[in-house]
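S.K.: If you scroll down you'll find the structure; I have some questions about it.
The values are calculated or read from the model by the stated rules, or taken from the named source; none is laboratory data. Treat the numbers as computed from the prediction; the structure is a model and nothing was measured. In this analysis, Cβ positions are derived from the backbone assuming ideal geometry, glycine residues included, and neighbour counts consider all displayed protein chains.
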């Protein structure tokens, strides 16, 4: 039975410990001011955050770039602040690696996906050389998404109607062959279902939900590309889709036949022919971005160009979605980044944190969602259950062989460690010297980052130790850059080959 609501702004009284959640925006001193946010019209977030850094796609003449700032580098941003600017065209999406806080992926209109290593001290000079360049698309790459439980797996979707899955741990600076082709044109047919608008993995990464140009919701097997279920496009034109964690549901946002913005809940275990729940919200035109917190079962809806963010609570029983309240602001958002749960301030009862991109002010504004509690300085066990951590559950090869594993859990309680429930892989044990060195270098970088973040702000500028650290890591970057210069020739050769191919195709089309 489908539950339908029309233009609903208030729900009946719902007893919930989250009914008083409120949004607390950061002051200007604790925001990121003076950030030239991109003017791209794609419906992406243009922002990604982790406990160490925040990345924001910026406007750049003659190429594509994004800004990477240490998370505590708030206040006015220097207009000449170094950027990550190795793309030859506008950057369309950025995503931090969920298992490495110093690794970020970016995709661009130059048809490439790049993997970048960010130094511990942040970007001290313009970063132009990527660790990996993925070259498998022939048109602009619009979406990228990391696998939620397997390390080094990255999904990319482009306007050449291809959806590719990459193993970024492959050797070489240039990777031309993906490990899986999820979708691609057949016999020069360009089906609208292969041009994706959004993607979402389920909890263990065994299923992939997508919305496409034909505005339908599909569930795929990401290993084979087989389409398992398709929704009807008659009553709901989907734009964004999201897996609702442990409840095993799908949520999509889009528009109704009368152009009202709409949210719809589906049961992918049963069938996508009829929704479980649908609700019309308003008549605005901006895309609705959905965000879900599996620990609190809270759903956040933020519209592109809106100043408000609605909060809901989702349950497995009717009426499934209960409206709580909303945050309102006079400043419209272009996109939003989200901090992972392990980066929240648990002592302040913060359960979610957005980074709102406010283009009219060149401002990135942190917005904390807080549950009011009398004893806010202590750890609240009921607000912070075990959550997905920053440790991979398996290798890319294990996942490709058909193994499914849920996220490795962690506790947000300070000083608490949880044992990994999965057996160690050969790579994790460090069977050879190279993997052992890489593993310990990563741990050392993480420890130094935590140490630097704990230093008082008055100590850092004049600290001799900090200056030595900066010099040390700068030398490491220079050495890495020299080693990669030889590998970059492959990138340039591939770019020239693609330019020659495009020129030939244009000449054929002309004559």
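S.K.: Is the range 296-305 home to any residue that is out of contact with any strand residue (DSSP E or B) (no Cβ under 9 Å at 6 or more places or on another chain), free of Cβ contacts under 8 Å to residues at least 40 places away in the same chain and surrounded by fewer than 20 Cβ atoms within 10 Å (Cβ to Cβ)?
M.R.: Here is the first cut: in the range 296-305, the residues out of contact with any strand residue (DSSP E or B) (no Cβ under 9 Å at 6 or more places or on another chain) are 305.
This time we only want the ones that are free of Cβ contacts under 8 Å to residues at least 40 places away in the same chain, so: 305.
Next cut, surrounded by fewer than 20 Cβ atoms within 10 Å (Cβ to Cβ) only: 305.
Checked the range 296-305: at least one residue is out of contact with any strand residue (DSSP E or B) (no Cβ under 9 Å at 6 or more places or on another chain), free of Cβ contacts under 8 Å to residues at least 40 places away in the same chain and surrounded by fewer than 20 Cβ atoms within 10 Å (Cβ to Cβ).
S.K.: Name every residue in the range 333-367 that is over 30 Å from residue 416 (Cα atoms) and either touching a strand residue (DSSP E or B) at 6+ places or on another chain (Cβ under 7 Å) or in a strand (DSSP E or B) (or both), in order of residue number. Give the derivation first.
M.R.: Start the filter on the range 333-367 by keeping residues that are over 30 Å from residue 416 (Cα atoms), which leaves 333-336, 356-365.
Residues satisfying the conditions are 333, 334, 335, 336, 356, 357, 358, 359, 362, 363, 364, 365.
S.K.: With (1) closer than 27 Å to residue 205 by Cβ; (2) surrounded by fewer than 16 Cβ atoms within 10 Å (Cβ to Cβ); (3) touching a residue at least 24 places away in the same chain (Cβ under 8 Å) as the list, and residue 233 as the residue in question, which single condition is left unmet?
M.R.: Going through the list (1) closer than 27 Å to residue 205 by Cβ; (2) surrounded by fewer than 16 Cβ atoms within 10 Å (Cβ to Cβ); (3) touching a residue at least 24 places away in the same chain (Cβ under 8 Å), residue 233 breaks only (3).
S.K.: Here is a follow-up. Tally up the residues in the range 205-217 that are in contact (Cβ under 8 Å) with a residue 24 or more places away in the chain and surrounded by fewer than 22 Cβ atoms within 10 Å (Cβ to Cβ), please.
M.R.: So the first thing to find is which residues in the range 205-217 are in contact (Cβ under 8 Å) with a residue 24 or more places away in the chain, and the list is 205-211, 215, 217.
Still in the running and surrounded by fewer than 22 Cβ atoms within 10 Å (Cβ to Cβ): 206-207, 215.
Residues that pass the stated criteria total 3.
S.K.: Among the residues of the range 175-196, which ones are surrounded by fewer than 20 Cβ atoms within 10 Å (Cβ to Cβ), assigned to a strand (DSSP E or B) and touching a strand residue (DSSP E or B) at 6+ places or on another chain (Cβ under 7 Å)?
M.R.: 180, 181, listed by residue number.
Listed here are the residues, each with its yes/no results for (1) more than 28 Å from residue 396 (Cα to Cα); (2) modelled with pLDDT of 95 or more; (3) more than 20 Å from the chain's Cα centre (by Cα).
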{"residue": "201", "(1), (2), (3)": "no, yes, no"}
{"residue": "204", "(1), (2), (3)": "no, no, no"}
{"residue": "213", "(1), (2), (3)": "yes, no, yes"}
{"residue": "216", "(1), (2), (3)": "yes, no, yes"}
{"residue": "224", "(1), (2), (3)": "no, no, yes"}
{"residue": "227", "(1), (2), (3)": "no, no, yes"}
{"residue": "232", "(1), (2), (3)": "yes, no, yes"}
{"residue": "236", "(1), (2), (3)": "yes, no, yes"}
{"residue": "240", "(1), (2), (3)": "no, yes, no"}
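S.K.: In this structure, does residue 296 turn out to be part of a strand (DSSP E or B) and out of contact with any helix residue (DSSP H, G or I) (no Cβ under 9 Å at 6 or more places or on another chain)?
M.R.: On the way: part of a strand (DSSP E or B): no; out of contact with any helix residue (DSSP H, G or I) (no Cβ under 9 Å at 6 or more places or on another chain): yes.
It is false that residue 296 is part of a strand (DSSP E or B) and out of contact with any helix residue (DSSP H, G or I) (no Cβ under 9 Å at 6 or more places or on another chain).
S.K.: Has the range 108-120 got any residue that is in contact (Cβ under 8 Å) with a residue 40 or more places away in the chain, at positive phi, surrounded by 20 or more Cβ atoms within 10 Å (Cβ to Cβ) and not in a strand (DSSP E or B)?
M.R.: Yes, that holds for at least one residue.
S.K.: Still on this structure, I have one more. Give 200, 169 a once-over and let me know the one that is under 27 Å from residue 47 (Cβ atoms), touching a strand residue (DSSP E or B) at 6+ places or on another chain (Cβ under 7 Å) and either in contact (Cβ under 8 Å) with a residue 24 or more places away in the chain or in a strand (DSSP E or B) (or both). It would help to see each step written out before you state the result.
M.R.: Numbers: 169 fails: touching a strand residue (DSSP E or B) at 6+ places or on another chain (Cβ under 7 Å).
Step by step, each of 200, 169 is checked, and only 200 is under 27 Å from residue 47 (Cβ atoms), touching a strand residue (DSSP E or B) at 6+ places or on another chain (Cβ under 7 Å) and either in contact (Cβ under 8 Å) with a residue 24 or more places away in the chain or in a strand (DSSP E or B) (or both).
S.K.: If you scan the range 251-270, which residues turn out to be surrounded by fewer than 19 Cβ atoms within 10 Å (Cβ to Cβ), in contact with a strand residue (DSSP E or B) (Cβ under 7 Å, 6 or more places away or on another chain) and over 30 Å from residue 389 (Cα atoms)?
M.R.: Of all residues in the range 251-270, those surrounded by fewer than 19 Cβ atoms within 10 Å (Cβ to Cβ) come to 256-260, 267, 269-270.
Cutting the leftovers down to in contact with a strand residue (DSSP E or B) (Cβ under 7 Å, 6 or more places away or on another chain) gives us 256, 260, 267.
Once the filter is applied, which keeps residues that are surrounded by fewer than 19 Cβ atoms within 10 Å (Cβ to Cβ), in contact with a strand residue (DSSP E or B) (Cβ under 7 Å, 6 or more places away or on another chain) and over 30 Å from residue 389 (Cα atoms), the range 251-270 yields 256, 260.
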